[in-house]
Amino acid sequence: MQKSVKVGLWGVGLNTYWGQFEELLPRLLDYQEKIKAGIEKMDVEVVNVGMVDSLQKANESAALLKQADVELLFLFISTYALSSTVLPVAQQVGKPVVMLNMQPVPAINYQELNSMGDRGKMTGEWLAHCQACSVPEFACVFNRSGIRYDIVTGYLSDELAWKEIAYWVDAARVVHGMRMNRLGILGNYYCGMLDVYTDVTQQSSVFGTHVELLEMCELKAYRDGVTDEELKYKLEQFYDKFDVEPSCALEELVRAARTSVALDKLVDAHQLGAMAYYYEGFRGNDYENIVTSVIAGNTLLTGSGIPIAGECEVKNAQAMKIMSLLKACGSFSEFYAMDFQDDVVMLGHDGPAHFAIAEEKVKLVPLPLYHGKPGKGLSIQMSVKPGDVTLLSVCEGRDGVFLLAAEGEAVRGETLHIGNTNSRYRFPCGVRRFMDMWSKAGPSHHCAIGVGHKVQELQKVAFLLNIPIVVIG
């Protein structure tokens, strides 16, 4: 089966060398095959057009790479090559270029080379290690031509270089996933949350995401049609996925389960990969009954890779999706309190959350009221497991969309058992500086929390999308 994400690979060398040094070209092509095999292990399709050593091959390779619709171009500098064979490919394909300045080994075996006794063969051996020679030339030409590029420098078995390549592949996967994503908007904004309001056209323009506007009456129709068998299955799923607190009333479990089935059908009907929602409805209205029973079902969807953001926070649904595509999960959060004694900040929300980042099984608990919202119903309670975390916010400023990120650590300690997600986070710069710098960057008050440190990947995502990223350190 063809992999959904494609990256391009082309090698460059000087064709004059091939007649001068008999074994050089096969050797360099072998290095290129090793690079191709290494990238393929990252679960992407590599479109390898081979060695480009002439203008004709450059034009032919550009056509192949463009037709393949690759997300990213890897340029293997196999030896010295002319920039005139590189520029046409980069220009015609029109995707960012990552130059692979990778020698075959960490250092030339000087004694072995110098003992060859034939300066022609010695030169050929040097040229097989001459990757660095062209890097300044290509960078100069790319700078002058407006080509967006970056460089990975190392050697073929270099773990650091391969980690950097993996970050690029992850970033390409995110960009592809966001472009293929269909994001649903159900309901309307929480009235007065001006920070949450977003330019949906700009979100589609930057990320390529299709936005589907959804109707509450469609969700109600699916809910009205839920069968006893579907309801039974969903209640079993609740008990399997959640630690259901005994105080949860059966009628509330049934109400939430019925809504969860309807949400699944809504997602399937519109092929959604993410959703933002909020609705209040008039007191006693059917829609109010539905919207006060969505948290359990939306948590199940979030845990299955379809992130759901409350309060109609479209930007945060985008951030959660990015974290999900990075396999970092992505849970809906906002700032709760600061603990200056332990130098931590607490974040949480009344849902939805992500199972994979929870320290223990997520609890399903009753709430007598939803703070700041109408009604009552079931909510979730959990803490993020201790370890590395990344906070991400998709922001809109005066100059357009940008990313805001910070790496920190989830730490154990006292939390609030109020039927919300609630965790403690520590940042290297300290809670005072972190809160000031994060807020001054201009995000909404929500953010996505994912496990692991992902800033390097996020920087590359921003580069591929050609948008800024602000990192709080």
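The values are calculated or read from the model by the stated rules, or taken from the named source; none is laboratory data. Keep in mind the model is a prediction, meaning the values are calculated, not measured. Cβ atoms come from the backbone with ideal geometry, glycine included; neighbour counts cover every protein chain shown. All accessible areas refer to the heavy atoms of the entire protein, side chains included, with ligands and DNA or RNA removed. Shrake-Rupley method; radii C 1.70, N 1.55, O 1.52, S 1.80 Å.
State yes or no: is Ala448 part of a strand (DSSP E or B) and either closer than 29 Å to Gln203 by Cα or open to solvent by 30 Å² or more (accessible area, probe 1.4 Å) (or both)? Here the answer is yes, as Ala448 does meet what is asked.
Only helices (runs of 4 or more DSSP H) whose full extent lies in the range 185-299 are considered here, and the ones with at least 1 residues that are surrounded by 21 or more Cβ atoms within 10 Å (Cβ to Cβ) and in contact with a Gly (Cβ under 7 Å, 6 or more places away or on another chain) are 250-270, 286-291.
Residues in the range 398-407: is at least one over 23 Å from His349 (Cα atoms) and either basic (Lys, Arg) or in a helix (DSSP H, G or I) (or both)?
For the range 398-407, residues over 23 Å from His349 (Cα atoms) and either basic (Lys, Arg) or in a helix (DSSP H, G or I) (or both): present.
In the range 323-339, the count of residues that are at pLDDT below 90, more than 30 Å from Leu464 (Cβ to Cβ), of a type in the set (Phe, Trp, Tyr) and not in a helix (DSSP H, G or I) is zero.
As a summary of the residue check, Ser134 satisfies the conditions (1) of a type in the set (S, T, N, Q); (2) at pLDDT 95 or above; (3) open to solvent by 20 Å² or more (accessible area, probe 1.4 Å) except for the one numbered (3). Leu392 - would you say it is among the hydrophobic types (A, V, I, L, M, F, W, C), touching a helix residue (DSSP H, G or I) at 6+ places or on another chain (Cβ under 6 Å) and over 16 Å from Val345 (Cα atoms)? Considered against the rule, which asks whether it is among the hydrophobic types (A, V, I, L, M, F, W, C), touching a helix residue (DSSP H, G or I) at 6+ places or on another chain (Cβ under 6 Å) and over 16 Å from Val345 (Cα atoms), Leu392 comes out as no. For the range 58-79, give me each residue that is under 18 Å from Glu33 (Cα atoms) and not hydrophobic (A, V, I, L, M, F, W, C). Of everything in the range 58-79, those that are under 18 Å from Glu33 (Cα atoms) and not hydrophobic (A, V, I, L, M, F, W, C) turn out to be Ser61, Ser78, Thr79. Among the residues here, Val175 qualifies as surrounded by 20 or more Cβ atoms within 10 Å (Cβ to Cβ), assigned to a helix (DSSP H, G or I) and in contact (Cβ under 8 Å) with a residue 24 or more places away in the chain.
What number of residues within the range 58-83 are among the aliphatic types (A, V, I, L, M) and either open to solvent by 10 Å² or more (accessible area, probe 1.4 Å) or at positive phi (or both)?
Count: 4.
Restricting Gln111, Gln92 to residues that are open to solvent by 60 Å² or more (accessible area, probe 1.4 Å), under 26 Å from Asn466 (Cβ atoms) and not charged (D, E, K, R) narrows the list to Gln92. The residues in the range 5-21 that are surrounded by fewer than 24 Cβ atoms within 10 Å (Cβ to Cβ), touching a residue at least 60 places away in the same chain (Cβ under 8 Å), in a loop (DSSP other than H, G, I, E, B) and of a type outside the set (A, V, I, L, M) can be counted, and the count is 1. Of everything listed in (1) closer than 22 Å to His176 by Cβ; (2) aromatic (Phe, Trp, Tyr); (3) assigned to a loop (DSSP other than H, G, I, E, B), the single unmet condition for Tyr370 is (1).
Note on the range 358-408: residues that are crowded, with 16+ Cβ neighbours inside 10 Å, more than 16 Å from the chain's Cα centre (by Cα) and under 30 Å from Leu465 (Cα atoms) amount to 3.
Comparison of Ser293, Ser331 shows that the only residue that is small (Gly, Ala, Ser) and over 21 Å from Pro443 (Cβ atoms) is Ser293. Within the range 50-74, the set of residues being touching a helix residue (DSSP H, G or I) at 6+ places or on another chain (Cβ under 8 Å) and within 12 Å of Val7 (Cβ to Cβ) comprises Leu65, Val70, Glu71, Leu72, Leu73, Phe74.
Whenever a residue of the range 257-281 is under 22 Å from Asn316 (Cβ atoms) and touching a residue at least 60 places away in the same chain (Cβ under 8 Å), its partners that are part of a strand (DSSP E or B) and of a type in the set (D, E, K, R), lying with C-beta atoms within less than 6 angstrom and at least six residues away or across chains, give the pairs His270/Glu212; Gln271/Arg182; Leu272/Arg182; Gly273/Arg182.
Listed by position, the helices (runs of 4 or more DSSP H) contained in the range 81-163 that have at least 2 residues being aliphatic (A, V, I, L, M), touching a helix residue (DSSP H, G or I) at 6+ places or on another chain (Cβ under 8 Å) and in contact (Cβ under 8 Å) with a residue 40 or more places away in the chain are 87-93.
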